[in-house]
Amino acid sequence: MLARLRTNLAKIQGITLYMQAAQDITIGGRVSKTMYQYTLNDADPGELNHWAALFLDKIKAVPGITDVATDQLNAGPMLDITIKREVASSYGILPYTIDNTLDDAFGQRIVSTMYTTLNQYHVVLEVDPKFQYGPDALNGIYVKSSSGQQVPLSTLVDSVVKVAPLVINHQGQFPSVTISFNLLPGTAIGQAVGSIQRIEKDLGKPLSLQTSFQGNAQAFGDSLSSTPILIAAALFVIYLILGVLYESLIHPITIISTLPSAGLGALLLLMAVHYDLSVIAIVGIILLIGIVKKNGIMLVDFAQHVEHEQGLTAEESIYQACILRFRPILMTTMAALLGGVPMMLGSGVGSELRQPLGYAIVGGLALSQILTLYTTPVVYIYLDQLQTWLFGERKQAASDHAERVPAE
């Protein structure tokens, strides 16, 4: 829709129209013309304006980025005044006197306060407003020299008309410029972020110039930085719970070993359909942790039960688990997999939010169902041998105790 409107509206002369999809929930408090924001801030406004223009030109040239806009509206005329110190000194006039004269004329200085019974009124000193609209106003202002001579202000200063921002935005108490942009279809926000970061390195910006992503781009970076910690914490909690359940330090690893195949399946299917690893896709991968580990739990739980009750070896117990638990594993996996198919294939309003989640779930469950029935028994056998090697005496004592109980 946006691409079609952008093509048609580009034919209208005299306007520049920026469009972005309406969001029910917005991220970040900064309002911009387009969806993603990149902010530069510096204590020196001149340095900020110089580098903001360079960044704007470079970002416009990045493939996949479109509708590049900035809130730096350099459309206001500014009169830049430089004091001729040698000329002023010849008249015995200090720069401080010239500054005060300009402040009196254009700074709206409060020179007195009139008090009445009910109110008070400030007396503001300034030149007549009709003389404030051009550089010619300096010709009508005079500064008193040390000899009492009235010297025209235009004689003491050099003035140049420059362009200045209409509005100076601030972030963190410093002047800032926000460059916003949209992405072309098929371009991931991660690619755009990487391209802009390369621009920072290539330009060699000064240390005083601080840059940061805002809004949706900032949320993307935060989600990527916190996702590994979130997944690691989830795996650690699962390991603790399973370790308490099976009273083992080794066999919880067997169950956790089913998770990499699920993540790989989700990534492969997302790549096959050309979907990005978005935040929603990452949520789908996290959901797979809870769904896929039940395959390993069914196998390990049954194998442990048969091994202790019937005295079978690890190979025999895990083989029986694969035979007898194949149907419940297949049924539960297919129930979860088919539940994700409508999200994967559904279209319409909001489908772009649901489809990555559906593809991640379906791809992860499909590959894990095929691989875990072959890899989990192998991992179980090798880890059982490791456990016997590490805790052989304690395991043998427990076995002897199990054999004495029926005899009593």
Checklist outcome for this item: The residue that is modelled with the lowest pLDDT, considering only those in the stretch 1-50 that are loosely packed, with under 15 Cβ neighbours inside 10 Å and charged (D, E, K, R), is Asp24
Checklist entry - Considering only the stretch 106-147, how many residues are under 23 Å from Asp80 (Cβ atoms) and hydroxyl-bearing (Ser, Thr, Tyr)? => result 2
Checklist entry - Limited to the stretch 51-100, what total is found for residues that are open to solvent by less than 30 Å² (accessible area, probe 1.4 Å), within 30 Å of Leu153 (Cβ to Cβ) and either in a helix (DSSP H, G or I) or among the basic types (Lys, Arg) (or both)? => result 2
Next on the checklist: Being touching a residue at least 12 places away in the same chain (Cβ under 8 Å) and of a type in the set (A, V, I, L, M) is the filter here; which residues of the stretch 31-52 pass it?
Outcome noted: Met35, Leu40, Ala43, Leu48, Ala52
Next on the checklist: For the condition modelled with pLDDT of 85 or more and part of a helix (DSSP H, G or I), what is the one hit in Leu269, Leu230?
Outcome noted: Leu269
Checklist entry - If the Cβ limit is 8 Å and pairs must be 6+ apart or interchain, which residue in the stretch 257-270 that is among the aliphatic types (A, V, I, L, M) pairs with which residue that is part of a loop (DSSP other than H, G, I, E, B)? => result Leu267/Leu277; Leu270/Asp276; Leu270/Leu277
Checklist entry - Residues in the stretch 208-216: is at least one open to solvent by 50 Å² or more (accessible area, probe 1.4 Å) and over 22 Å from the mean Cα position of the chain (by Cα)? => result yes
Checklist entry - List pairs: first in the stretch 323-351 and within 16 Å of Gly284 (Cα to Cα), second assigned to a helix (DSSP H, G or I) and aromatic (Phe, Trp, Tyr), Cβ under 7 Å, 6+ apart or cross-chain? => result Met344/Tyr359
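Test Leu242 against the stated conditions and say whether it is open to solvent by 80 Å² or more (accessible area, probe 1.4 Å) and either touching a residue at least 24 places away in the same chain (Cβ under 8 Å) or assigned to a helix (DSSP H, G or I) (or both). Spell out the reasoning first.
Working: open to solvent by 80 Å² or more (accessible area, probe 1.4 Å): no; either touching a residue at least 24 places away in the same chain (Cβ under 8 Å) or assigned to a helix (DSSP H, G or I) (or both): yes.
Considered against the rule, which asks whether it is open to solvent by 80 Å² or more (accessible area, probe 1.4 Å) and either touching a residue at least 24 places away in the same chain (Cβ under 8 Å) or assigned to a helix (DSSP H, G or I) (or both), Leu242 comes out as no.
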Checklist outcome for this item: Given the conditions (1) part of a helix (DSSP H, G or I); (2) at pLDDT below 80; (3) surrounded by fewer than 20 Cβ atoms within 10 Å (Cβ to Cβ), every one holds for Asp276 apart from (1)
Item to check | Contacts under 8 angstrom Cβ, first residue in the stretch 282-301 being open to solvent by 10 Å² or more (accessible area, probe 1.4 Å), partner outside any helix (DSSP H, G or I), 6 or more apart | outcome: Lys293/Thr258; Met298/Arg325
Next on the checklist: Where the second residue is charged (D, E, K, R) and the first is under 12 Å from Ala88 (Cβ atoms) and lies in the stretch 136-164, which pairs have Cβ atoms under 6 Å and are six or more apart or on separate chains?
Outcome noted: Leu156/Lys84
Next on the checklist: I'm told Thr333 meets every condition in (1) under 30 Å from Ser226 (Cβ atoms); (2) hydroxyl-bearing (Ser, Thr, Tyr); (3) open to solvent by 30 Å² or more (accessible area, probe 1.4 Å); (4) part of a helix (DSSP H, G or I) except one. Can you identify the failing condition by its number?
Outcome noted: (3)
Checklist entry - Within the stretch 192-207, how many residues are over 19 Å from Ile65 (Cα atoms) and surrounded by fewer than 17 Cβ atoms within 10 Å (Cβ to Cβ)? => result 3
Checklist entry - List, please: which pairs have Cβ atoms under 8 Å, are six or more places apart or on different chains, and start with a residue in the stretch 373-397 that is farther than 14 Å from Asn295 by Cα and modelled with pLDDT of 80 or more and end with one that is of a type in the set (Asp, Glu) and open to solvent by less than 60 Å² (accessible area, probe 1.4 Å)? => result none
Next on the checklist: Considering only residues that are closer than 14 Å to Ser145 by Cα and among the aromatic types (Phe, Trp, Tyr), which ones fall in the stretch 81-110?
Outcome noted: Tyr91, Tyr96
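The values are calculated or read from the model by the stated rules, or taken from the named source; none is laboratory data. Everything numeric here is computed off the predicted structure, so don't read it as measured data. Neighbour counts run over all protein chains shown; Cβ positions are idealised from the backbone, glycine included. Just so you know, the surface numbers come from the protein's heavy atoms only, side chains and all, with ligands and any DNA or RNA stripped out. Shrake-Rupley method; radii C 1.70, N 1.55, O 1.52, S 1.80 Å.
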